[in-house]
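The values are calculated or read from the model by the stated rules, or taken from the named source; none is laboratory data. Just so you know, these numbers come straight off a predicted model, no measurement behind them. Note: ideal-geometry Cβ built from the backbone for every residue, glycine included; neighbour counts use all protein chains shown. Accessible surface areas use protein heavy atoms only, side chains included; no ligands, DNA or RNA. Shrake-Rupley method; radii C 1.70, N 1.55, O 1.52, S 1.80 Å.
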Amino acid sequence: MPETRPIVAVTRRLPQAVEDALGSRFEVRRNEDDRPATAQELRNWLATSDGVLCTVTDGLGADVLGVEPLRARILANFGVGFNHIDLTVASERGLTVTNTPDVLTDDTADLAIALMLAVARRMGEGERELRAGAWTGWRPTHLLGTRVSGKTLGVVGLGRIGRAVARRARNGFGMRILAATRSGVSAEVAAELGVEPRELDDLLRQSDFVSLHVPASAATRHLIDARRLALMPEHAVLVNTARGDVVDETALATALGQGRIRGAGLDVYQDEPTVPDQLRGLANVVLLPHLGSATTETRTAMGLRALANLEAFFDGEVPEDVVAGR
């Protein structure tokens with residue numbers, strides 16, 4: 001008799017190359033509608049599949065992971081962040097959880113720089129004006145922005161993406177780089193990147209641009225709140241490609257609306273896909289629909305990394321990217 005292949009539920013559609021590779025190794029159950037799965041759908045997949053390849057749109061909290069019976073033994077997350085998974089409950093239930101680090105660093109760092117430039121040079125405003133047919137031609141005072149080269153960038157969080165942003169800003173734009181991390185900046189990292197360590201509040205006071213690169217956790221929820229926004233200079237720009245709840249969106253909208261900071265570039269939001277009306281109505285914020293890793297190359301690499309973790313697990317090995325469980 002042919003060997004029975006493990007059943008893997010895939011909660012969203014993936015690049016074709018990834019789906020083909022998954023299908024060659026596993027019995028795959030797909031979300032053909034490619035929409036966020038409901039809690040009940042997630043419970044069904046956990047109860048009837050050997051593994052689940054999940055994404056950031058899947059709320060895998062205690063109410064879902066507590067399903068009985070639980071057949072699944074691994075959650076292979078498509079992405080680096082895993083704050084949508086209750087790791088404590090997953091571990092208690094014997095689930096291995098993996099993620100896909102490394103492969104999305106460069107593209108997310110590129111997008112952070114793109115947002116910084118877009119806000120500084122008022123690109124969103126200019127494109128909207130042109131598309132609306134409201135552009136009346138060149139004039140010396142039209143949509144004056146601010147220079148990026150030679151300015152000071154504050155990087156909050158020096159993980160893989162934060163370090164990549166620091167390198168791009170320093171080497172490409174000659175920027176002075178300040179950095180704040182929860183664990184401090186080692187002398188070796190400071191020397192390698194040419195960054196100056198700062199406490200977060202001091203970094204905010206001294207930076208022309210601030211780029212956020214911290215994970216979502218209880219400690220980082222609303223890390224940038226009304227008090228900290230008030231520390232930033234009026235000409236400063238905030239960029240967030242980390243997680244939406246790192247920023248208090250209501251406080252940010254107020255600060256932007258009152259001109260207390262120059263602008264913001266956001267790729268992530270607290271309650272995705274909902275974006276507060278206060279933010280959507282502001283001209284001095286550039287809003288993107290969570291595109292940090294959205295290139296064919298990276299999304300394919302992420303899928304293949306998740307596949308490698310699944311293959312290792314079902315081959316009886318410890319996957320490379322375990323974040324919980326064995």
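Things worth noting here:
- The chain: C-alpha gyration tensor shape, a/c 1.5 cut-off, then a/b vs b/c: prolate
- For GluC sites (Glu not before Pro), the sites in segment 289-320 that DSSP calls loop and that have at most 13 other Cβ atoms within 10 Å are 317, 320.
- Global form of segment 87-195, assessed from the alpha-carbon gyration tensor, a/c cut-off 1.5: oblate
- Shape class for segment 160-304: oblate, because the ratio a/c of the largest to smallest gyration tensor axis (alpha-carbon atoms, square roots of eigenvalues) is 1.5 or more and b/c is at least a/b.
- Sparsely packed loop sites in segment 62-160 (the chymotrypsin sites (Phe, Trp or Tyr not before Pro) outside DSSP H, G, I, E and B with at most 11 other Cβ atoms within 10 Å) comprise 138.
- Rounded to the nearest 5, the antiparallel percentage of DSSP beta bridges internal to the chain is 5%.
- Degrees separating the helix 105-120 axis from the principal Cα axis of the chain, which is the longest one: 30
- Solvent exposure of residue 149, expressed as accessible area, is near 60 Å², computed with a probe of 1.4 Å over the protein chains only.
- Loop-located GluC sites (Glu not before Pro) across segment 190-239 with a Cβ neighbour count of 16 or fewer within 10 Å are 199, 234, with loop assigned by DSSP.
- Dipole-positive endmost among 223, 286, 314 within the chain (Cβ charges, Cα centre): 286
- Rounded to the nearest 20 debye, dipole of segment 1-140 from Cβ charges on Lys, Arg, Asp, Glu: 300
- Rounded percent of accessible protein surface that carbon and sulfur make up, the chain, 1.4 Å probe: 50
- Estimated 222 nm signal from helices in the chain, with DSSP H stretches of n ≥ 4 weighted -39500 (n - 2.57), rounded to 500: -10500 deg cm²/dmol
- Treating r as the C-beta distance of residue 278 and residue 235 and R0 as 25 Å, the FRET efficiency rounds to 0.70.
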